[in-house]
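All of the numbers you see were taken from the coordinates with simple rules; none came from a lab. Keep in mind the model is a prediction, meaning the values are calculated, not measured. Counting neighbours? That spans all protein chains shown, and the Cβs are built from the backbone with ideal geometry, glycine included.
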């Protein structure tokens, strides 16, 4: 079995951990939420790169065999730097699913809801440049949504009001597909459906991210157990702010049965 680190600026990466526990429940996981510094989308590129590297080094130091950078902003701004500094550790990032969205869209109009840092990043815009010209992307920054989700208010009236403001130009443009370009945003599905109904296709990439993790582990010689195996690994939640709140939010937001795993929580100490 492998020890896998999953890192995000806060609780957003729980959507990735949820999928990991569905596809690969037999491994052990450390979920590290840097909630004391969330959201990353409002930080400088230099700060994001240095902080993300420090956290990934910590995960390597505590024995992680692979790391999922489960934060779109950290992936966009830092993953190339992290891979260069930690070349022996399999590193899986996340990025907005604009390519599958372009393939799924019937009218060629796609909304992209993401942090401003992600939308401004070279990585995102390089990916955008590879897609067909016939597809029109309506880019919208979701400033303020992450703090609301972090505080447990994903379905509050304040969140609905702010989300409605951000979705209006996407809806007015006639988009039939919406990319959830931040790992926090899958927790807004209920609110988005309340505002837009079922007519718009929602795209997030958690399944593809964990399939890539599985391939990386197999390349390292870590085999996936037989489906008949009922072994479930441990999940260790670590927060830079409040470990008990992180655990409570994991229990609230995740669909996985955490009771089938050995679960504990800890506060993150200082990092180099």
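Using Cα springs under 10 Å in a Gaussian network model of the chain, which residue among 183, 201, 73 shows the largest mean-square fluctuation?
201
Choose one answer from 180, 127, 14: the residue with the largest mean-square fluctuation in a GNM of the chain with alpha-carbon springs under 10 Å.
Evaluated over the chain, the most mobile residue of the options is 127.
State, to one decimal in nm², a quarter of the convex hull surface area for the C-alpha atoms of segment 156-206, i.e. the direction-averaged projected area.
In nm², the orientation-averaged hull projection of segment 156-206 is 3.4.
For every helix of n ≥ 4 consecutive DSSP H residues, a contribution of -39,500 (n - 2.57) applies; sum these over the chain, divide by its total residues, and give [θ] at 222 nm rounded to the nearest 500 deg cm²/dmol.
Taking each H run of at least 4 residues, the total per residue is -12500 deg cm²/dmol.
Cα gyration tensor of segment 3-95, axes a ≥ b ≥ c as square roots of the eigenvalues: rounded (a/c below 1.5), prolate (a/b > b/c) or oblate?
oblate
Helix 243-253: angle to the longest alpha-carbon principal axis of the chain, degrees 0 to 90, nearest 10?
It is inclined by approximately 50 degrees.
Rounded, prolate or oblate: which fits segment 230-272 when a ≥ b ≥ c are the square roots of the eigenvalues of the alpha-carbon gyration tensor, with rounded for a/c under 1.5 and prolate only if a/b beats b/c?
Oblate shape, in that a/c is at least 1.5 and b/c is the bigger or equal ratio.
If I fit a long axis through the Cα atoms of helix 206-219 and take the longest principal axis of the Cα atoms of the chain, what angle between them do I get, 0 to 90°, rounded to 10?
Tilt relative to the chain: about 40 degrees.
Angle between the Cα long axis of helix 14-23 and the longest principal axis of the chain, 0 to 90 degrees, nearest 10?
Roughly 60 degrees between the two axes.
Please label the shape of segment 191-272 as rounded, prolate or oblate, based on the square roots a ≥ b ≥ c of the eigenvalues of the alpha-carbon gyration tensor (a/c under 1.5 means rounded; beyond that, a/b larger than b/c means prolate, else oblate).
oblate
Please check: in the Gaussian network model of the chain (C-alpha springs, under 10 Å), which one of 13, 197, 181 has the largest mean-square fluctuation.
197
Assuming 0.692 mPa s and 37 °C, estimate D for the chain with Stokes-Einstein, Rh taken as the Kirkwood radius over Cα pairs, in µm²/s.
175
How large is the Kirkwood hydrodynamic radius of segment 179-228, counting all unique pairs of alpha carbons, in Å?
About 13.3 Å for segment 179-228.
At 7 Å along the Cα-to-beta-carbon direction for both residue 88 and residue 251, put a label point, then send me their distance in nm to one decimal.
Output for this residue pair reads 3.9 nm.
Would you order 236, 261, 134 from fewest to most other beta-carbon atoms within 10 Å of each residue's own beta-carbon?
134, 261, 236
Tell me, what are the semi-axes, in whole angstrom and largest first, of the equivalent ellipsoid of segment 98-203 as set by the roots of 5 times the Cα gyration tensor eigenvalues?
The three semi-axes for segment 98-203 are 23, 16, 10 Å.
What's the whole-number percent of alpha carbon pairs in segment 76-142 lying beyond 21 angstrom?
32
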